[in-house]
Each structure stands twice: as C-alpha cells, then as structure tokens.
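Worksheet: one structure, shown below.
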Amino acid sequence: MSRIALVVEFQLKPGAHAAFDAIIRDHAAGTLGDEPGCERFDVLQPKSKEGPDLTRVMLYEVYADDAAFKAHTQNPRLARTRAAYEPLIEGRTIHICAL
C-alpha cells in the first residue's frame, strides 16, 4: 500500500489570481482539517526573475493511500471548490503519483 501524491498546476485567467488563491487556500485548509488521510496539502506560487507568476498556481498533496485519495475525490467540498474556481482558470494539469 503506497502513499499517493498529487501535483496539480492551474493556468489562471488574467486578473483571477486573488480570487483563485482565496478559494484554493480555503480548500487546502478544509481538506487537511476534515480528511484524516490527507497528510499534506501545499499551495505553491511559481516565481520568475521578476517575481510571482500570477498566471499559475500549483498544488502538492499527499494522501495516506488509495482509499484516502478516493475519499478526497468523493468529498463534496472538492466538487464545490471546482465549481467555484472553474470560471477563473484557463486549464489545469493533474499528475497522480505513487510515493
């Protein structure tokens, strides 16, 4: 039984960073607080030489096992969060990895 890591990259619409950041940080805190199988949920802000790249946000999540990851995907909070941020993103890439 291996731990599961997610690396998610969002491409944001122009001017959407502040709203997206608030939504995703609330989701991260809720996931860590409500899902015992979530071991880590970091919101990462990519940088360039000029400063923060406000067109992108990345997530790094770790779940205890497949069952914990499945519970996360079925949590109603995830569906609500996706609906809230959908108008703010251009796209997203999700990588699911074994640890």
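A short reminder: the numbers here are calculations on the coordinates, not readings from a lab. Bear in mind the structure is a predicted one, so any value in this text is a computation, not a measurement. Note: ideal-geometry Cβ built from the backbone for every residue, glycine included; neighbour counts use all protein chains shown.
Out of all the residues in the stretch 54-80, which are touching a residue at least 40 places away in the same chain (Cβ under 8 Å) and of a type in the set (A, V, I, L, M)?
LEU54, VAL57, MET58, LEU59, VAL62, ALA64, ALA68, LEU78
Tallying residues that are of a type in the set (A, V, I, L, M), closer than 18 Å to ASN75 by Cβ and in contact with a helix residue (DSSP H, G or I) (Cβ under 6 Å, 6 or more places away or on another chain) within the stretch 1-36 yields 2.
Which of the residues belonging to the stretch 1-13 are of a type in the set (Lys, Arg) and surrounded by fewer than 17 Cβ atoms within 10 Å (Cβ to Cβ)? Matches in the stretch 1-13: LYS13 only.
Taking residues in the stretch 81-99 that are acidic (Asp, Glu), and partners anywhere that are in a strand (DSSP E or B), the pairs with Cβ atoms closer than 6 Å and at least 6 places apart or on different chains are GLU90/GLN11.
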